[in-house]
Structure formats: C-alpha cells, structure tokens
Amino acid sequence: MSTGGYKIRNQEGIYFITFAVVEWIDVFSRKEYRDIVINSLIFCQEKKGLKIYAWVIMTNHVHFIFSVKEGNKLSEVLRDFKKFTSVKILEAIQKNYSESRKEWMLEIFKKEGNKNKRNTVYQFWRQDNHPIELIDNNMIDQRLNYIHNNPVEAGIVENDFQYIYSSAKSYCGEVGLIKIENL
C-alpha cells in the first residue's frame with residue numbers, strides 16, 4: 001500500500017492509519033474540502049464495508065482507526081478512498097473561484113505528481129501511510145487518545161469533544177458527523 005514497505009498484511013485487522021497532504025498543505029482549513037472526506041467515508045461505510053472506529057480531520061492530514069467487514073479488503077477500500085478524495089478535492093480546488101491559494105496549491109500538487117510515475121498530473125496524498133495493526137487494547141487506547149487529542153495539541157479546542165471533525169464526540173455519548181463503531 002505504501003512505497004516505504006508498510007503494507008496491510010492482515011486484511012481483517014484493525015489499523016491506525018494517517019493520510020497526509022503532500023508538502024503538508026493546509027487544504028482542510030476549508031469546510032468544503034473536509035466535507036468531501038466526510039462524505040467519502042460515509043460512502044465507504046455504506047457501500048464498501050468500511051468500519052470506522054475513530055477519526056480526525058486536521059488541516060493537512062487525517063488519522064483513522066479502520067477495519068472492514070468480512071469479504072472486503074481494507075487495502076482496496078483505502079486505495080479507492082484515497083483516489084476518489086484526491087480527484088474530488090482537486091476538482092473542488094480548481095472550481096473554487098474564491099480559493100486564494102488555488103494556483104500555489106495546484107503548482108505543488110503538479111510538482112509532486114511529476115515525481116510519481118503512477119500519476120497522470122497531480123499528487124494530492126503523500127504515499128507514506130504507514131498503517132499500524134492494532135493488536136492489543138494498549139495499542140488501541142494509545143492511538144484512540146492520540147487521534148482525539150490532535151485538535152487539543154494543535155490549540156484548536158480545549159477539550160477533544162469540542163472538535164466536530166473528530167470521533168471524540170461519539171465517545172462522549174453524543175452524535176458526531178460520522179457513525180462509528182466503538183472500540
């Protein structure tokens with residue numbers, strides 16, 4: 001799944017995974033781009049068997065704890081998710097007349113795309129996902145806390161449950177933007 005040798009070997013496992021935007025561009029500072037990720041996650045849940053346990057969308061990266069329902073392959077679902085979101089976000093950036101960073105971002109995405117033989121034009125997501133299989137409760141708890149504390153550590157909110165682009169609310173008994181499965 002990644003060029004660095006990290007792969008999803010156990011397709012039925014629960015994984016912590018991070019997707020970062022190339023050059024750590026703050027694409028997700030805009031709601032419309034975050035919403036593409038949210039809608040794609042919901043689609044993958046409903047149509048591709050994705051099980052979401054935890055998630056957070058930061059300005060330039062996303063963290064997840066995922067698995068898939070039996071009969072699905074996590075690596076294929078994540079490949080499709082990344083491909084779809086990259087295409088849709090790039091289209092949204094190109095069509096957004098009020099995007100003040102449009103030319104700058106597209107130039108970087110094109111430069112990164114030229115470095116990757118598998119791309120035709122643009123590269124949106126970095127390729128170093130480094131999926132980590134969570135094999136015990138200690139690993140799960142550590143990654144769950146890490147995901148939910150990301151917005152707190154970044155100074156966006158004081159308490160993790162205040163950040164709406166995260167599953168932290170769901171773990172506090174409230175309804176979040178995405179239905180999750182509790183760990």
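Readers should treat all values here as calculations from the given coordinates under stated rules, not as data from a laboratory. These figures come from a predicted structure and were not determined experimentally. Cβ placement follows ideal geometry from the backbone for every residue including glycine, while neighbour counts extend to all protein chains displayed.
Applying the Karplus parametrisation 6.51 cos²θ - 1.76 cosθ + 1.60 with θ = phi - 60° to the phi angles of the range 143-159, what ³J(HN,Hα) value in whole Hz is obtained for each residue in order, glycine and proline being reported as x?
Values per residue, Gly and Pro as x: 5, 4, 5, 4, 4, 6, 8, 3, x, 5, 4, 7, x, 7, 9, 8, 10 Hz.
Efficiency by 1/(1 + (r/R0)^6): what FRET value for Lys111 and Glu174, r their Cβ-Cβ distance, R0 = 30 Å, to the nearest 0.05? Kindly include the intermediate steps, with their values, before the conclusion.
Values: r = 42 Å, r/R0 = 1.39.
Once rounded, the FRET efficiency stands at 0.10.
Counting other Cβ atoms within 10 Å, which chymotrypsin sites (Phe, Trp or Tyr not before Pro) in the range 78-175 have at most 14 and lie in a DSSP loop?
Hits after loop and neighbour filter: Tyr97.
Cα to Cα, under 23 Å, and not fewer than 8 places away if on the same chain: which lysines meet these conditions relative to Lys169?
Candidates past the 8-residue exclusion: Lys31, Lys51, Lys179.
With charges set only on the Cβ (+1 for Lys and Arg, -1 for Asp and Glu), what does the dipole of the chain come to about its Cα centre, in debye to the nearest 20?
Values: 26 positive and 23 negative charges, 170 e Å.
That gives a dipole near 820 debye.
Between Val27, Asn119, Gly49, whose Cα lies farthest towards the positive end of the dipole of the range 1-135 when Lys and Arg beta carbons carry +1 and Asp and Glu beta carbons carry -1, centred on the Cα centre?
Among Val27, Asn119, Gly49, the one farthest towards the positive end of the dipole of the range 1-135 is Asn119.
Check cross-link reach from Lys117 to the aspartates and glutamates: straight Cα distance under 19 Å, and skip same-chain residues fewer than eight apart.
Of all the aspartates and glutamates, those that pass the test against Lys117 - Cα under 19 Å, at least 8 places apart if same chain - are Glu23, Asp80, Glu107, Asp128.
log10 I(q)/I(0), Debye, Cα-only the chain, no solvent, q = 0.09, 0.12, 0.15 Å⁻¹?
Debye curve over Cα of the chain, log10 I(q)/I(0) at q = 0.09, 0.12, 0.15 Å⁻¹: -0.31, -0.56, -0.89.
Distance check, please: which entries in Lys48/Lys115; Lys73/Lys115; Lys82/Lys115; Lys48/Lys83 exceed 24 angstrom between their Cα atoms? Don't skip to the end; give the middle numbers.
Details: Lys48/Lys115 30 Å; Lys73/Lys115 28 Å; Lys82/Lys115 18 Å; Lys48/Lys83 14 Å.
Those over the limit are Lys48/Lys115; Lys73/Lys115.
Once you have the Kirkwood Rh of the range 24-122 from its Cα pairs, apply Stokes-Einstein at 10 °C and 1.306 mPa s and quote D in µm²/s.
109 µm²/s
Given a Förster distance of 35 Å, report the FRET efficiency between Asn182 and Arg101 from their Cβ-Cβ distance, rounded to the nearest 0.05. Write out the running numbers ahead of the final one.
Working: r = 37 Å, r/R0 = 1.06.
For R0 = 35 Å, the calculated efficiency reads 0.40.
Can you give me the angle between helix 31-48 and the longest principal axis of the chain, using Cα atoms only, in degrees from 0 to 90, rounded to the nearest 10?
So the inclination is approximately 50 degrees.
Grab the DSSP H runs of the chain that are 4 residues or longer, score each as -39,500 (n - 2.57), total them, divide by all residues and round the 222 nm result to the nearest 500 deg cm²/dmol.
Calculated at 222 nm, the ellipticity per residue is -13000 deg cm²/dmol.
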